[in-house]
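Working notes, structure below.
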Amino acid sequence: MRAVRCWCDELVAAENDQRLVEVLRDHVSEAHPDEGRTDDDLRERVAAEAEEPEEKPPWAY
Ligand SMILES: [Zn+2]
């Protein structure tokens, strides 16, 4: 499991980094499409910030 915080502080999670980019893209296009985030932005953020949550976090329930 991998997790990353969006620019708006929302935490999104997926099974791997590639999926994480897709999930983050879905979230961004739904929550704040006006920010004009590109795939490069998303990939960069996942590469820089994604981490393996140590235990099952509250949002996974
Ligand atoms: Zn967001």
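Just need the relative contact order of the chain here, percent rounded to a whole number, with Cα pairs under 8 Å and 6+ apart. Over the chain, the number comes to 38 percent. The GluC sites (Glu not before Pro) of the chain meeting both criteria, a DSSP state outside H, G, I, E and B (loop) and at most 12 other C-beta atoms within 10 angstrom of the site's C-beta, are Glu15, Glu54, Glu55. Dipole of the chain computed with +1 at Lys/Arg Cβ and -1 at Asp/Glu Cβ about the Cα centre; of Leu20, Cys6, Leu42, farthest Cα towards the positive end is Leu20.
For Glu10, the amide hydrogen comes within under 5 Å of no other amide hydrogen, counting only partners 5 or more places away or on other chains and with H modelled in the peptide plane. Residue separation of Asp40 and Leu11 scaled by 0.36 nm, minus their Cα-Cα distance, works out to 8.6 nm of gained length.
The alpha-carbon atoms of the chain define a convex hull whose volume equals 76 cubic angstrom per residue.
Read-outs: derived from the displayed coordinates by stated rules, not from any lab. Quick caveat, the model's predicted, so the values are computed rather than measured. Neighbour counts run over all protein chains shown; Cβ positions are idealised from the backbone, glycine included.
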